[in-house]
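Take a look at the structure below.
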């Protein structure tokens, strides 16, 4: 069974949790690197989602301008 993709909010929450864990814990280097890598993946997903939302907003504004 495949997992559902994380929503933007879930990805952001996981990213915040990872950052907090990395800032507060004395973790072994390997674990820090794994968390950092996971964080980069989550950050990329959040950025893609935000870019898509921005593009949709720009399209909406363009449609409104074209209808004037």
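The values are calculated or read from the model by the stated rules, or taken from the named source; none is laboratory data. Just so we're clear, the structure is a prediction, and the values are computed from it rather than from any experiment. Cβ coordinates were reconstructed from backbone atoms using ideal geometry, including for glycine residues, and neighbour counts include every protein chain displayed.
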Are any of the residues in the range 7-24 under 21 Å from residue 53 (Cβ atoms) and outside any helix (DSSP H, G or I)?
-> yes
Within the range 19-68, residues surrounded by 12 or more Cβ atoms within 10 Å (Cβ to Cβ) and either modelled with pLDDT under 95 or farther than 18 Å from residue 5 by Cα (or both) come out as 19, 21, 22, 27, 31, 32, 34, 35, 36
